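> Below you'll find the structure I mean.
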Amino acid sequence: MKKIKVNLDKKVASSYEICIGYDVLDRIGLLIVKNMPALHYIIITDVNVSAIYGGLLLDRLKGMALPADMIEFPAGEDAKSIGTTIAIVERLIKLGADRKSALIALGGGVVGDVTGFIASTFMRSVPYIQIPTTLMAQVDSSIGGKTAIDLPEGKNLLGTFYQPRGVYIDVKFLDTLPEDEMSSGLAEVIKYGIIDDVAFFNFLERNIEAIKDRDRDVLEEMIENSCRIKKGIVEIDEKELGLRRVLNFGHTIGHAIEAESNYTISHGAAVSLGMLAAAKISERLYDLPEGDRERIEHLLESAGLSCRIPQTITTDGIITRLRADKKKEGDTIHFVLLKKMGMPFINGGVPESVLRETVEGMKK
Ligand code: ADP
Ligand code: ZN
């Protein structure tokens, strides 16, 4: 089992560990007792994850004589709502949870976001740990302490920064993860290679087939590297003021595509399209070598991510959403672009004509 220590500003939160390995779940009871002592543990999960792993985790805790309960809610982004949040809190109260209780998020990004949000607010906050079960959650959303729920007006509108007491990643969870969920997570993994670590990008190119075959050792190394890169960036910039913005590589255009598709395109697939668009813009305006752009395109394709924007998504729609984004930030849209592989920078404005032509050029 690999361990990565996340060091945080002591005034804000205490440091914690990310543990990564195969069968981490076998040791979960000890890890929880050591890092998050509590009188009552409540696992929060969705119905899909609960059906495969819920009983297993509950048994592990009960096997160590730890008082434990489980709350499940429907799977999917629609469940990241106020309604679900209140229903979970009502269940917590019925189960007798109080300030000596602690929460355990078992699931993907949705479970992690909702559980973290509740942990940060329930009875003015209780501790929680993350046990992420999707690749997306293992390499991205479980690290950094962002929590949120959606409102009818938009995604992630209500949220907090609240750090977990630990993140426990069992690579074994990925054995049952559907292929499109795997590809979606791989988009963020590839992003880390592009923005931070060329050697890691090379590793991904060499091992993409093994990754798709879910080779344990390769997955473990890949997840460890991803967590290390994300935690490095998060540590320096806990509240997203400066450096952390490079993590938004591919996300400006990606978010516009995701929203324009009414969220029928997954976050990772949209980010993948956004990264390719950013690479194309960088090639055109900032001399990103053609070979670098080609490598990015090729790796995304090998990872099962489409490099074409569906015809049903209009260029005007994407541009309108980007403009709306611009209003939020003042007069310029801040794109993360590339000087070369591993060298991102924040650009202060891309001409609309270039945006339009890039998006058009990526249509099916
Ligand atoms: P993400 O982590 O990508 O943000 P979700 O939390 O919505 O996404 O999880 C995506 C879907 O995958 C949900 O339907 C969830 O129940 C399911 N899921 C999560 N982890 C696993 C797993 N290890 N095996 C199978 N299905 C899983
Ligand atoms: Zn993302």
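> Criterion first (out of contact with any helix residue (DSSP H, G or I) (no Cβ under 9 Å at 6 or more places or on another chain) and in contact (Cβ under 8 Å) with a residue 24 or more places away in the chain) does LYS212 satisfy it?
no
> Within the set of pairs 6+ apart or on separate chains, which have a first residue in the range 336-364 that is assigned by TED's automatic domain parsing to the domain that holds VAL198 and on the phi > 0 side of the Ramachandran plot, a second that is modelled with pLDDT of 90 or more and acidic (Asp, Glu), and C-beta atoms under 7 Å apart?
Cβ pairs passing all conditions: GLY342/ASP196; GLY342/ASP197.
> Since THR134 meets every condition but one in (1) within 27 Å of ARG216 (Cβ to Cβ); (2) in contact (Cβ under 8 Å) with a residue 60 or more places away in the chain; (3) within 16 Å of ligand 2 (Cβ to nearest atom), which condition does it not meet?
Condition (2) is where THR134 drops out.
> When the residues of the range 257-271 are filtered to those that are among the β-branched types (Val, Ile, Thr) and not in a loop (DSSP other than H, G, I, E, B), which remaining residue is farthest from ligand 2 (Cβ to nearest atom)?
The extreme case among them is ILE257.
> Would you tally the residues in the range 72-83 being in contact (Cβ under 8 Å) with a residue 40 or more places away in the chain and surrounded by 15 or more Cβ atoms within 10 Å (Cβ to Cβ)?
Adding up the residues that qualify gives 4.
> For the range 143-173, name all the residues that are at pLDDT 95 or above and within 16 Å of ligand 2 (Cβ to nearest atom).
THR147, ALA148, ASP150, GLY159
> Related question: What number of residues within the range 143-163 satisfy the criterion of being farther than 21 Å from TYR263 by Cα and either part of a strand (DSSP E or B) or not aliphatic (A, V, I, L, M) (or both)?
Number satisfying all stated conditions: 6.
> Next up: If a residue has to be surrounded by 24 or more Cβ atoms within 10 Å (Cβ to Cβ), farther than 17 Å from LEU135 by Cβ and free of Cβ contacts under 8 Å to residues at least 40 places away in the same chain to count, how many in the range 255-289 make the cut?
Selection size over the range 255-289: 2.
> Further, regarding this structure: Take the residues in the range 131-147 that are farther than 17 Å from GLY159 by Cβ and more than 6 Å from ligand 1 (Cβ to nearest atom); name whichever of them is surrounded by the most Cβ atoms within 10 Å (Cβ to Cβ).
Top of the filtered list is GLN138.
> Still on this structure: Determine which member of the set ASP150, ASP98 is on the phi < 0 side of the Ramachandran plot, within 14 Å of ligand 1 (Cβ to nearest atom) and touching a helix residue (DSSP H, G or I) at 6+ places or on another chain (Cβ under 9 Å).
Answer to the check: ASP150.
> Now a separate question. Using the structure shown, decide if ARG124 is away from ligand 2 (no atom under 16 Å from the Cβ) and in contact (Cβ under 8 Å) with a residue 60 or more places away in the chain.
It is false that ARG124 is away from ligand 2 (no atom under 16 Å from the Cβ) and in contact (Cβ under 8 Å) with a residue 60 or more places away in the chain.
> Restricting the search to the range 113-130, which residues are assigned to a loop (DSSP other than H, G, I, E, B) and surrounded by fewer than 18 Cβ atoms within 10 Å (Cβ to Cβ)?
Listed by number, the list holds a single entry, SER125.
> Of all residues in the range 23-50, count the ones that are out of contact with any strand residue (DSSP E or B) (no Cβ under 9 Å at 6 or more places or on another chain) and surrounded by 13 or more Cβ atoms within 10 Å (Cβ to Cβ).
2
The values are calculated or read from the model by the stated rules, or taken from the named source; none is laboratory data. None of these values were measured; they are calculated from a predicted model. In this analysis, Cβ positions are derived from the backbone assuming ideal geometry, glycine residues included, and neighbour counts consider all displayed protein chains.
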